[in-house]
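Step one of this worksheet: look at the structure below.
The values are calculated or read from the model by the stated rules, or taken from the named source; none is laboratory data. It should be emphasised that the depicted structure is a prediction, and the values quoted were computed from it without experimental measurement. Quick reminder, even Gly has a Cβ in these numbers, built from the backbone with ideal geometry, and neighbours come from all protein chains shown.
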2 protein chains.
Amino acid sequence: MLVHELSAAECEELLARSDFGRLACAYENQPYVVPVHFSFDVERRCLYAFSAIGQKVEWMRRNPKVCVEVEDIRDKDHWTTVLVFGRYEEITDAPAHKGARETAQELFEKRPEWWYPAAARVGRRESHAVLIYRIRIERVTGRRAGRDRV
Amino acid sequence: MLVHELSAAECEELLARSDFGRLACAYENQPYVVPVHFSFDVERRCLYAFSAIGQKVEWMRRNPKVCVEVEDIRDKDHWTTVLVFGRYEEITDAPAHKGARETAQELFEKRPEWWYPAAARVGRRESHAVLIYRIRIERVTGRRAGRDRV
């Protein structure tokens, strides 16, 4: 099996056709990792997502450094993984965030099939606080494996 | 959709029938998350795995606090996620680790279908340093979602 590093463009290609990954955050050096849906905004180099207000959001408010892992696994010999290193930023109702809110909304509307573990809360609550956030991408790395040409 | 917290026994049931998840570690509060194969040792409350010596291992040597996320996703309304919080511990060639090495080996032999992104290195190297480690489980949490009985 041959493994090679992806270029930034190859990493972005995977992010653009993905909407699901795992987000890791850390507080006092204890990491925490959960599945997330996201939309990649190639122009602004951001991942947009939303979440119920819980441990993940509390931790990212305290330490905005995050890592998002995205995979495309065909089989044991053909797989691609991309890691995004970036910073958490909350999209509020403030006028300054109007553009970001609209962008996030447009991106979310392209994803009608999303399911929402990130927004799900324990119990039968019909409604609960959900916020929009983005990860400002600072660095992207990726690897691809294949038997022959990769 | 109804979401409920899993008991420790329910979490362990998913770990026992899984061999793949995502491991997050952190160094200087920067999280890092990668896919990993593992074998759950229910008796010793450990996850055994192996890895090439790279960034993940270097970071876990410096900060042994880790989090492993394991999923069982049937569809958007039926999914289970389990989080393991624990500590990284390297299995060396020392006589004191003989039992752990044998346990790991037995567990690995039950997983002939493993593929090895964790062990893969960039380029055409035929051999490279791989080590065995375990995550000593300190705490497990889980959630399950379903439309009716969950």
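Data for the structure
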{"quantity": "Every pair of residues 6+ apart whose Cβ atoms lie under 6 Å, when the first sits in region A:1-16 and is within 14 Å of another protein chain (Cβ to nearest Cβ) and within 18 Å of residue A:74 (Cβ to Cβ) while the second is β-branched (Val, Ile, Thr) and assigned to a loop (DSSP other than H, G, I, E, B)", "calculated": "A:2/A:150; A:3/B:122; A:4/A:150"}
{"quantity": "Residue satisfying all of: in region A:28-57; in contact (Cβ under 8 Å) with a residue 24 or more places away in the chain and of a type in the set (D, E, K, R); surrounded by the most Cβ atoms within 10 Å (Cβ to Cβ) among these", "calculated": "A:56"}
{"quantity": "Leading residue by the ranking (nearest to residue A:23 (Cα to Cα)) among those in region B:73-90 that are modelled with pLDDT of 95 or more and surrounded by fewer than 19 Cβ atoms within 10 Å (Cβ to Cβ)", "calculated": "B:85"}
{"quantity": "Sole exception among (1) within 14 Å of chain A (Cβ to nearest Cβ); (2) of a type in the set (Gly, Ala, Ser); (3) more than 28 Å from residue A:141 (Cβ to Cβ) for residue B:24, by number", "calculated": "(3)"}
{"quantity": "Unmet requirement for residue B:107, which otherwise passes all of (1) part of a strand (DSSP E or B); (2) closer than 30 Å to residue B:5 by Cβ; (3) at pLDDT below 90", "calculated": "(1)"}
{"quantity": "Qualifying positions in region B:64-79 - touching a helix residue (DSSP H, G or I) at 6+ places or on another chain (Cβ under 7 Å) and within 7 Å of chain A (Cβ to nearest Cβ)", "calculated": "B:66"}
{"quantity": "Conditions (1) modelled with pLDDT of 95 or more; (2) within 30 Å of residue A:145 (Cβ to Cβ); (3) buried (at least 21 other Cβ atoms within 10 Å of the Cβ): number failed by residue A:60", "calculated": "(2)"}
